[in-house]
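Novice: Could you have a look at this structure, given as structure tokens, before my questions?
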Amino acid sequence: MVAILITAGPTREHLDDVRYLSNGSSGRMGFALALAAATAGHQPTLVLGPTELPPPPGVAVVRVVSALEMQAAAERAFATADVAIAAAAVCDWRPARRAPGKPPKPAAGGGQTLELVANPDIVAGLAARKGRRVVVGFGLESAAAGMPAAIARGRGKLVQKGLDLVVVNLHDAIGSDEAGIVLCHADGRDEALPRGGKDLAAARIVAAAVQLWRERATT
């Protein structure tokens, strides 16, 4: 049995108590990964951003809202994990300051400037202290650019962040039950998965990550 940390869903970066920045991630891929891991007899922990979908039954879930909360929860879970799969769509930016309550909007015709600061790169932080553990990242790329360009960007992320595997898919997979996916392995292989349900892709992603961990654990 392999202990697997999975991050999933979006984050919300609050401007005040009502308004926030976020994205359209549904968490479906993360849920599929957690279910695939549990079905294969592993022990998944799902660190989950805000989503309307019910998580898979029997899976340990840690609910978070912001990127900073997700970072803290992921780091805690990673301490006892063998594999980390970072499928969450973490907001790149958060407001520099969170206002209390719900401030009134500017007067008619008035503008407003929003100061943003960068959120931490959670998967890169995990990879930096992985040791013999396996860390898998996701590369969600523009469908307009096409898959070859997406794969090139995914390979760049693999090297820059010190990952063991990058799952490349196009942004039209957000909110969809299907995804066309390529697994970019650190040994240079690009493994294209047939376009289909996220449950089938998730099972292959989990199997590939576990295989990497087992190979590493026996060397």
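The values are calculated or read from the model by the stated rules, or taken from the named source; none is laboratory data. Please read these numbers as outputs of a predicted model, since none were measured by experiment. No Cβ is skipped: glycine too gets one built from the backbone with ideal geometry, and neighbour counts run over all protein chains shown.
Novice: Are any residues in region 173-191 modelled with pLDDT under 90 and on the phi < 0 side of the Ramachandran plot, and if so, which ones?
Specialist: 173, 174, 176, 177, 178, 179, 180, 181
Novice: Could you tell me whether residue 124 is in a loop (DSSP other than H, G, I, E, B) and under 30 Å from residue 215 (Cα atoms)?
Specialist: It is false that residue 124 is in a loop (DSSP other than H, G, I, E, B) and under 30 Å from residue 215 (Cα atoms).
Novice: Those residues that are among the hydrophobic types (A, V, I, L, M, F, W, C), crowded, with 19+ Cβ neighbours inside 10 Å and part of a loop (DSSP other than H, G, I, E, B), I need them from region 60-78; list them, please.
Specialist: Across region 60-78, the qualifying residue is only 64.
Novice: Counting only residues that are part of a loop (DSSP other than H, G, I, E, B) and not β-branched (Val, Ile, Thr), which one in region 79-96 is nearest to residue 133 (Cα to Cα)?
Specialist: Residue satisfying both the conditions and the ranking: 82.
Novice: Here is a follow-up. From the list 51, 45, 7, exactly one residue is in contact with a Ser or Thr (Cβ under 8 Å, 6 or more places away or on another chain), among the hydroxyl-bearing types (Ser, Thr, Tyr) and within 14 Å of residue 88 (Cβ to Cβ). Which is it?
Specialist: Sole residue among the options that is in contact with a Ser or Thr (Cβ under 8 Å, 6 or more places away or on another chain), among the hydroxyl-bearing types (Ser, Thr, Tyr) and within 14 Å of residue 88 (Cβ to Cβ): 51.
Novice: Would you mind telling me which numbered condition in (1) aliphatic (A, V, I, L, M); (2) at pLDDT below 90; (3) more than 16 Å from the chain's Cα centre (by Cα) residue 170 fails?
Specialist: (3)
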